[in-house]
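The values are calculated or read from the model by the stated rules, or taken from the named source; none is laboratory data. Source: prediction; values computed, not measured. Positions of Cβ are backbone-derived with ideal geometry, glycine not excepted, and every protein chain shown enters the neighbour counts.
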Amino acid sequence: MKWEEWLAASQSKIQVTWNVHNASIREQPSISLDFFLLFSSTAATRGWYGQANYHAGNTFVESFAAYRQRLGLSASVLNVRFIKDAGFVAENTSAAEAARSIGQWFNSETELLDCVELMLKAPRSEPSLQSRVPMDEGRIHGFVQKSLLAMGMRSTAPVTSSSCRIPWRKDRRMLSYRNYEAHELKSSPGASSGSSSYDELSPFIRESGSNLSRLQSTETATYLGTEMGRAYLISS
């Protein structure tokens, strides 16, 4: 992308954040804010093709919250996910269908407001923000930012499924989610050890009910035909 394109998406978040921060501590030093809530996007965590400029602005916002915390000032940041009943994606069917087609998870407006309330109650300062954990002969520098929350980091289809095409499915940071997902599906009602395809087929059918366009694709027809064949072989 061009330098101007980089600035157009990143500088709006960067400069506005600095403006509000400076106004609160320089122009009005007597004012102590109870909260300083910033909005980012889960895209900054998982990445998205062709949006490095947008991610840069969001990454700055997240780092700035940690910076204010180290100054002893209130600050928190929320990584917002796709919202199914409010906002741009909810008002644009094509954008919603494109997101659902690759397994993107959608949160509700109520869940968004719950997350906002949680981050408004974030601690004012974090003296132990950085933790150092010994390992072998060296030391691993761990970083935990308690003032940051990423909502809805999951998928509608198992990350091990061929129908799941979310960008972060092979991200090593999400390995623990694979373990959680496997445990959740195996312990769900109706699961049985004799059905090797249940872990993929059951959530696929459950989520397809709200995305009819997904059922019309050739890829879906092939997938369902294959799973029906497997189910027949198991039952016979």
Practice item. Evaluate region 76-83: report whether one residue or more is assigned by TED's automatic domain parsing to the domain that holds Gln104 and at positive phi. Key: no
Check your understanding: Got a sec? Which helices (runs of 4 or more DSSP H) wholly within region 37-107 have at least 1 residues that are out of contact with any helix residue (DSSP H, G or I) (no Cβ under 9 Å at 6 or more places or on another chain), acidic (Asp, Glu) and at pLDDT 90 or above?
Key -> 88-91
Check your understanding: exposed (fewer than 12 other Cβ atoms within 10 Å of the Cβ), out of contact with any Lys or Arg (no Cβ under 9 Å at 6 or more places or on another chain) and modelled with pLDDT of 80 or more - does that describe any residue in region 171-181?
Key -> yes
**Study point:** Tally, over region 5-36, of residues that are in a helix (DSSP H, G or I), among the charged types (D, E, K, R) and either within 29 Å of Arg81 (Cβ to Cβ) or in contact (Cβ under 8 Å) with a residue 24 or more places away in the chain (or both)
**Key:** 2
